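Each reported figure results from applying straightforward, stated rules to the coordinates on display, with no laboratory input. This one's a predicted model, so the numbers in the text were calculated from it and none came from an experiment. Cβ sites come from the backbone with ideal geometry, for glycine too, and all protein chains shown count toward neighbours.
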Amino acid sequence: MKKSRTQILLTLWKWSAIILTIVVVSMVLFKREKPVSKKQTPTIIKDSKDPMPKQVKAEIDPETLMTPEALVKAGEKLIFSTEGPQLNDMGRFPVGKGQCAFCHLFAEEQKLTRCPDLRTIETRSHERIKEARYAAFTKQYADAPDPVSQLKPKATTGGEYLIESLYCPNCYVVEGFGKEGSHDQESPMPIVSEMPMLLNDYEMVAVAAYLQAMDTPDDYSKVTARADWERYFNRKLEVGEDKRPVVQASENLTKTALLEDPPEVIIEKMGCFVCHKIPTVPIATTGLIGPVLTMKTKAIERINSPEYLSAVEMNRARAVTPREYVLESILDPAAFVVPGFGDGDGMPTDYGRKFTVGALNKLVNFLLTLDENSGKNPDGTEPSKPGSASKRD
């Protein structure tokens, strides 16, 4: 039966509609639009042998960090935490990672320190190695190295002497600055490549470089620290590489204050003696930077002081017991700064990673036993102290 013209048109219209629908659906399903991103993507390159794109990374030439000028600038920040350091109203410099400015004199107006004067040290470093006293230390360690640093005095230049003094404070002790009772044979200075400073080899060289250039600003002709280090250790200096492990591999580098350590060892490991006087602890008798840690009486006084109550109102401090106060002072030193001890004189803020829980509790318990009479004679007088005279180098 022959279809009418109307039926034919209807059939064609149906098939046209079906085909158009298929085309539209296909376009919707298979069309892929490139996403628009507002973020800048790293520049990439393609290796002709490798089809996968690679991100281009900007690499710093290590030699640019080894120039005398770069080393001096790095050393300045390690010592003072900033470029162009200025003395504050209390006669103290800001203190960097190396903590040198806690103890050493760098300027005439600086508050009296208990460690050798480092002004003109570049000139004196060349004289030191010629002294009979340096020869005596060399002879003393001729058969066995210093038990702390495992080094022997062997400097042949002023720069090597500066390097050696950082790694081995006992290799030469300036007369008048020895540890109490050691007859100037043992240095109170901590090894700055170990806890709590943890300077690596590059940083140690940078500190020495700053000392070499300190008295001749913008003149780097005397900066030989890199060559001195490489000659002393007979190896090439590399940026950021440590010379030796700080502690045994079986220990956790970030937790060196251990439960089995007595309080005196914890205090020495954590460097508390560098800043604080702590009664009954022989190594901590000369601290000038921080408060005396007689916490049996001081802790309760502090948490009841108007200054501390103000810090509580500002939601900075929150201790309500002496024990909580001592813990807070160690783990969050910025919560409350004892009046007269702020502005550049702050404690390290990473002790939370350097104590085991047991060691921290042991130290807190010990400090809470100390008051103003701790370590004194029954009549309240200070015990006689054998040792050397106090003087500047």
- Plugging the Cβ-Cβ distance of R353 and E186 into 1/(1 + (r/R0)^6) at R0 = 41 Å yields, to the nearest 0.05, a FRET efficiency of 0.90
- Query: So which trypsin sites (Lys or Arg not before Pro) in region 113-200 pass both tests, a DSSP loop state and at most 15 other Cβ atoms within 10 Å of the Cβ?
  - Reply: K130, K154
- Query: What's the extension gain from T21 to T216 if we count 0.36 nm per residue and subtract their Cα-Cα distance?
  - Reply: 61.7 nm
- Given the Cα atoms of region 152-225, and with Rh set as the inverse mean 1/r over their pairs in the Kirkwood sense, what is Rg to Rh to two decimals? 1.01
- Taking all pairs of distinct Cα atoms, average 1/r, flip it, and tell me the Kirkwood hydrodynamic radius of region 263-367 in Å to one decimal place. 14.0 Å
- Note on the structure: So, with points 7 Å from each Cα along the Cβ direction, the L259-E230 label distance in nm works out to 4.8 nm
- Please give the direction-averaged projected area of the C-alpha convex hull for region 62-233, in square nanometres with one decimal. 9.9 nm²
